[in-house]
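The values are calculated or read from the model by the stated rules, or taken from the named source; none is laboratory data. Computed from a prediction, not measured in an experiment: that's the story for all the values here. We place every Cβ from the backbone using ideal geometry, glycine too, and count neighbours over all the protein chains shown.
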Amino acid sequence: MKIVFFSIVSYPYVSDYGYQDNGLAQTAAALGDQVVEISTNYIPNFLKRYISITPEFLEREYTDKYNVKIYRVKYKYPFLGNFLNWRIRAYSGIQEILEKEKPQIIFVHDLQEWSLFYIAEYLRKNPDCVGYADLHCTYVNSCRNFISKYIQHRVFYRYIIRKNIDAFKKVFYLAEDTLTFFETEYAIKLPKEKTELLPIGGIVSPPENRLKVRQHILEELNLPEESLIIVHSGKLEPTKRTKELLEAFRNVPDEVLQLIIVGRIPEYYEKELKTEIEKDERVHFLGWKTAKELQDYLIAADLYAQPGTASSTLNSALCCGCPVMLSPQKSKGEAYRTYLDSDKVFFIDTIEDMTDVLKKIVKEPVLLSQYREYSYEYAHSLLDYRRQIEMIKSYK
């Protein structure tokens, strides 16, 4: 089956990254489907620290090492400049690519793009091709000022989506708050049978792999065998609450605890956060890692810590069978409260909560085995990209 994914709205498709775009596309290719990604090579300023520009990335058409065929489309109206074009998202050549590739399924990651007109037109002209979309926007990442809320979303994107949503057979939502945002900001109430939960997933790691991977990580970082490894990751802005996690970690000075931090620190925050990191020799700051490298740290870990804003790495951790400690944020956290068993996950809010969890796992490490079993169960039932791709194809 040929599946065309559109990764245009949030960020360009980058082959070695660990986002949902990568997971679904690469899993479908591994299962034997013909997979095409239509994306762009424009990188917004706030992402330039996180995306490496390679010669391949600049090519207009190529197939990557995961057997995903990638097209990089250009702005249709370049004279408007990057600021407007990145918000309008009208791209040239989309109809021609679709006519050339003739997919059976089109999957659009988020809907806020003028190019939705071109995609919907193709779907209406080709009823044998089924269209799906998913929803990513929440009030955490969108509608954060007057222009964004009342001009971009409630006028411009609302017009685009209301004109084209009928061309799509099903709309998936990452969590309840993404569906709430969609229905509120675009004044659309979809029939229940047209929507379905499809959270950001992951590649479920076989439990038997853990001992080998863990041993490798212990040797790499020269850690004791009995270590309880905690992993924390992401774009390490203040909202990730890394400083608060470090304070809680220092509150439990047991040598068995080891904290691995993976990610990049914004320049304005780097000196402040690194000062906190250097206060404790049990803390290992490793910088930015590839998705595969991060997965290995999660497989080896005894606990994944997400005390601040939500990250897709949480779901990757669950897919690695890693117990998790997270904060119930207003966005996505509420969904975690809904879908995760609070008896098998460490929900925390304050520094004192985090400190209590760390003391608890030092005193009762057997708890981690129970929580690990739950993480695997949850991942297999809802997060496994293989299951998600098979589900998407089944609706065809």
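Residues that are under 27 Å from Cys129 (Cα atoms) and outside the structural domain of Glu377 (by TED's automatic domain parsing) number at least 2 in the following helices (runs of 4 or more DSSP H) confined to segment 150-258: 158-164, 176-185. If we keep just the residues of segment 340-376 that are under 15 Å from Ile230 (Cα atoms), among the hydroxyl-bearing types (Ser, Thr, Tyr) and buried (at least 17 other Cβ atoms within 10 Å of the Cβ), which is modelled with the highest pLDDT? The selected residue is Thr355. Where residues in segment 197-224 are at pLDDT 95 or above and acidic (Asp, Glu), which of them is surrounded by the most Cβ atoms within 10 Å (Cβ to Cβ)? This residue is Glu220.
Inspect segment 228-235 for any residue being crowded, with 23+ Cβ neighbours inside 10 Å, in contact (Cβ under 8 Å) with a residue 24 or more places away in the chain and farther than 28 Å from Tyr173 by Cα and give the result as yes or no.
yes
Checking Tyr75 against (1) in contact with a Ser or Thr (Cβ under 8 Å, 6 or more places away or on another chain); (2) exposed (fewer than 15 other Cβ atoms within 10 Å of the Cβ); (3) farther than 20 Å from Ile106 by Cα, only one condition comes out false. Which one? The one condition Tyr75 does not meet is (2). Taking (1) farther than 19 Å from His109 by Cβ; (2) at pLDDT below 95; (3) of a type in the set (A, V, I, L, M) in turn, Ile151 satisfies each apart from (2).
Within segment 43-65, which residues are within 25 Å of Leu98 (Cβ to Cβ) and either of a type in the set (S, T, N, Q) or surrounded by 17 or more Cβ atoms within 10 Å (Cβ to Cβ) (or both)? Talk me through it step by step, then tell me what you get.
Let us first name the residues in segment 43-65 that are within 25 Å of Leu98 (Cβ to Cβ), namely 43, 56-65.
Those that are within 25 Å of Leu98 (Cβ to Cβ) and either of a type in the set (S, T, N, Q) or surrounded by 17 or more Cβ atoms within 10 Å (Cβ to Cβ) (or both): Ile43, Phe57, Thr63, Asp64.
Take the conditions (1) surrounded by fewer than 22 Cβ atoms within 10 Å (Cβ to Cβ); (2) of a type outside the set (Lys, Arg); (3) in contact with a Lys or Arg (Cβ under 7 Å, 6 or more places away or on another chain); Tyr91 misses just one of them, which is (1). Scan segment 18-42 for residues that are buried (at least 16 other Cβ atoms within 10 Å of the Cβ) and either of a type in the set (Phe, Trp, Tyr) or not in a helix (DSSP H, G or I) (or both) and the total you get is 12. Taking the listed residues Tyr186, Tyr268, the one that is over 27 Å from Asp353 (Cα atoms), buried (at least 19 other Cβ atoms within 10 Å of the Cβ) and not acidic (Asp, Glu) is Tyr186, with no other qualifying.
Entry remark, segment 12-30: residues being under 17 Å from Tyr132 (Cα atoms) and at pLDDT below 95 number 4 in total. Looking across segment 57-87, the residues that are assigned to a helix (DSSP H, G or I) and touching a residue at least 40 places away in the same chain (Cβ under 8 Å) come down to Phe57, Asn82, Asn85, Trp86, Arg87. The residues of segment 168-209 that are out of contact with any Lys or Arg (no Cβ under 9 Å at 6 or more places or on another chain) and closer than 19 Å to Phe156 by Cα, listed by number, are Leu179, Thr180, Phe181, Phe182, Thr184, Lys189. Beta carbons closer than 8 Å, at least 6 apart along the sequence or on distinct chains, never pair a first residue in segment 269-283 that is outside the structural domain of Arg241 (by TED's automatic domain parsing) with a second that is of a type in the set (Asp, Glu) and loosely packed, with under 12 Cβ neighbours inside 10 Å.
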